[in-house]
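**Student:** Encoded as structure tokens, here's the structure I'll be asking about.
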Amino acid sequence: MAEDFEVIIVGTGAGGGTLAYTLASTGKRILLLERGDFLTREVENWDPGPVFVDGRYISTDTWYDRDGTPFQPQVHYFVGGATKLYGAALYRLRPQDFGEIRHADGISPAWPLGYEEFEPWYTKAEWLYQVHGVHGKDPTEGRWSRQYPWPPVSHEPRIQAISDALEAGGYHPFPAPCGILLDEAHRPASRCIRCATCDGYPCLVHAKADADIIAVRPLLDMPNVTLLTGAEVVRLETDPSGRTVTGVIVDRGGDGKEETYGGDIVVLAAGATNTAKILLRSASDACPAGLANGSDQVGRNYMFHNSKAVVALGKEPNDTVFQKTLAINDFYLPGDEREWPLGNIQLLGKSNAMAMKGEEPHLTRLAPTLSLEEVAAHAVDFWLTTEDLPKPGNRVTLDSDANVHLAYTDSNDTEAAGLYAEFKRILNHIGMAEHHVLHKNFYMSMNVAIAGVAHQAGTCRFGSDPATSVLDVNCKAHEVDNLYVADTSFFPSIGAVNPALTAMANAIRVGEHIAERLGVTASALAWAPAPRRAQAETAQTSPSAGETS
């Protein structure tokens, strides 16, 4: 046994990094295990060729689909996890997402706690991650107890014109909530420079509110926090009963030499696929199907959204630099003669010719007289998200060599088609012909849909019934007394917005529970300071409980 700690956290992303931040002020000895390293600052961070065409920052992992066909998953192993390259879109789930929802292809199950119970941690996560936005503009939004810490990122002229046209057409566009360290009122002091290389890129100036910059780096000088990089957790060992984790087995450097670390409490936050992998690899005589898997639910109910990235071309040039500032939830819920919930529409980062290169044959047919540079100059980029369902057959399994096999079948294609149809109707309100639409694939050489795992969730869902869930309401394993999960594995359903903020909020919630278990009250935890220049909370106050926000 190399060393003992009071808490061991596996993974440093939206879940693990945030959990570590929450627990650090307890003074308890905390070990963070990260299989990757710090992402190198280099000019390639902002170069679309290495980022999107070459996949420079994607893991070299090989996974296999349902038929055994190998593919390279678009996963990122760095301190900060997937948040190092995320678009920093930090949305709350809608209140209805916490309840049972009827879909075209089945039922999205209810969570074991409601939106109102979860809301305080959304607020804490928004303030920790310095989110820009304004509560009260989206009619599908739930009650909020505190305004965002920063005002919304302003629209550039082309996007403002689109927003105005949507409002004139009877839609309800709202400012997209975004986690960037931007101070528009004091640009000389702003860490963020409002560049075009944010969504899907690493941030060269460390101005993205990712888990590395916001949650992990502030802890590195604390004497009770230890971070080990290049430390892949391969399995967990338990006592003979299988009820207590006694060792975390780590491969340092990939050379097969293993180290063992002990922790009073162990938290998995390695991502929905790899958390399931660790549990399945931890099978023993006491747990033959895998650790915490008496329900046979570990690895099942995998979700990653039914999504579509789309480029729309207009006659007007789009010289927007930072484009990811607008969203629409008009079709998120059933209504207005829509039988099903369709999902969310939001803007993406701005296209450029290099990132579009893999789409050149389609673009030539769409706009035969335009070069890639001209197409990019007229493009507006959208992301359409429809909820997919937690199906038991959509699952992570391992072969005899511990390789990941990911079986997945789409769901709610009818709803996704409905959202796309609504999107094309929207184009008529913003001056873009609906036939000038291009399906977009960011990773040009990696066109396997299942490889897009950025929104992966659901392989260790939480619930009140140990027969149908892996975790209890506090995200502790039903069958293991000192094991928790704090990444998106816990989701029983995924909604139709980006999952990062929910993962962050839940990590704070779980962290406060663990702190109480360790004898430290949640109220005693040091918390995130207010931003230096936050928007005035008097600008808008939350409705009281029972009112519509």
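**Student:** Rounded to the nearest 20 Debye, what is the dipole magnitude of the chain about its Cα centre when Lys and Arg each give +1 and Asp and Glu each give -1 at the C-beta?
**Tutor:** Working: 45 positive and 69 negative charges, 171 e Å.
Using only the charged Cβ atoms, the result is roughly 820 debye.
**Student:** Related question: Given the Cα-Cα distance of residue 184 and residue 205 and 0.36 nm per residue of separation, how much length would full extension add, in nm?
**Tutor:** Working: separation 21, 0.36 × 21 = 7.56 nm, distance 1.62 nm.
My answer for the length gained is 5.9 nm.
**Student:** Compare 481, 285 by solvent-accessible area with a 1.4 Å probe and give them largest first, with all protein chains kept in place.
**Tutor:** Numbers: 481 65, 285 160 Å².
Highest to lowest solvent-accessible surface, that is 285, 481.
**Student:** For residue 265, enumerate residues with amide H under 5 Å from its amide H, sequence gap 5+ or separate chain, H modeled in the peptide plane.
**Tutor:** Answer set, sorted by chain and number: 7, 8.
**Student:** Need one value: the accessible area of residue 391 in square angstrom, 1.4 angstrom probe, rounded to the nearest 10.
**Tutor:** Accessible surface of residue 391 is approximately 70 Å².
**Student:** Hey, got a sec? Which trypsin sites (Lys or Arg not before Pro) in the range 251-285 land in a DSSP loop and have at most 16 other Cβ atoms within 10 Å?
**Tutor:** Values: sites: 252, 257, 277, 281; in loops: 257.
Filter output for the range 251-285: 257.
**Student:** Quick query: amide H of residue 475 versus all other amide H atoms, modeled in the peptide plane; which residues come in under 5 Å with a sequence gap of 5 or more or a different chain?
**Tutor:** Answer set, sorted by chain and number: none.
**Student:** Given 220, 202, 283, which one lies farthest toward the positive end of the charge dipole of the range 184-289, if we put +1 on the Cβ of every Lys and Arg and -1 on the Cβ of every Asp and Glu?
**Tutor:** 202
**Student:** Using the structure shown, list the pairs from 28/208; 124/308; 28/476; 308/391 with a Cα-Cα distance above 25 Å, or answer none. Mind dumping the intermediate values first?
**Tutor:** Details: 28/208 29 Å; 124/308 30 Å; 28/476 19 Å; 308/391 20 Å.
The pairs that break the limit, which is 25 Å between Cα atoms, are 28/208; 124/308.
**Student:** Related question: Using alpha carbon centroids, what distance separates the range 126-165 and the range 1-38, in Å?
**Tutor:** 32 Å
**Student:** Convert each backbone phi in the range 257-268 into a coupling constant with the Karplus relation 6.51 cos²θ - 1.76 cosθ + 1.60 (shift: θ = phi - 60°), then list the ³J(HN,Hα) values in order as whole Hz, x for Gly and Pro.
**Tutor:** 7, 9, 10, 10, 10, x, x, 4, 10, 10, 10, 8
**Student:** Here's a follow-up. Would you kindly state how much longer the chain becomes between residue 402 and residue 116 on full extension, computed as 0.36 nm times their sequence separation minus their alpha carbon distance, in nm to one decimal? Each step should come with its number before you reach the end.
**Tutor:** On the way: separation 286, 0.36 × 286 = 102.96 nm, distance 4.05 nm.
Full extension of this stretch gives 98.9 nm more.
**Student:** Then there is this: Could you order 101, 494 by accessible surface area, starting with the largest, using a probe radius of 1.4 Å?
**Tutor:** Values: 101 20, 494 0 Å².
Largest accessible area first, the residues go 101, 494.
**Student:** Gap in Å between the Cα centre of the range 215-268 and the Cα centre of the range 273-323?
**Tutor:** Each part's Cα centre sits 22 Å from the other's.
**Student:** Could you calculate the contour length gain from residue 257 to residue 222, that is, 0.36 nm times the residue separation minus the distance between their Cα atoms, to one decimal place in nm?
**Tutor:** In short, 9.8 nm is gained.
**Student:** Something else: Of the labelled options (i) 68, 54, 49; (ii) 93, 56, 52; (iii) 84, 57, 41, which one gives Cα extents along the principal axes in Å as computed for this structure?
**Tutor:** Only one listed value fits the structure, namely (i).
**Student:** Tell me, what is the FRET efficiency for residue 241 and residue 168 to the nearest 0.05, using R0 = 60 angstrom and their Cβ-Cβ distance as r?
**Tutor:** Details: r = 66 Å, r/R0 = 1.09.
Calculated value: 0.35.
**Student:** Of the heavy-atom accessible surface of the chain (probe 1.4 angstrom), what whole percent is carbon and sulfur? Mind showing how you got there, number by number?
**Tutor:** Details: 10230 of 20240 Å².
It is 51 percent, rounded to a whole number.
**Student:** Right, something else. What is the spin-label model distance, in nm, from residue 193 to residue 338 if the labels are put 7 Å beyond Cα along the C-beta direction?
**Tutor:** Roughly 3.9 nm, to one decimal.
**Student:** May I pose another question? Can you give the accessible area of residue 172 in Å² (nearest 10), computed on protein heavy atoms with a 1.4 Å probe?
**Tutor:** Estimated to the nearest 10 Å², residue 172 gives 90 Å².
The values are calculated or read from the model by the stated rules, or taken from the named source; none is laboratory data. What you see is a predicted model; the values in this text were computed from it and never measured. Ideal geometry is used to build each Cβ from the backbone, glycine not excepted, and the neighbour counts take in all protein chains shown. Ligands, DNA and RNA are stripped out before the accessible areas are found, and what is left, the full protein with its side chains, is counted by its heavy atoms. Shrake-Rupley method; radii C 1.70, N 1.55, O 1.52, S 1.80 Å.
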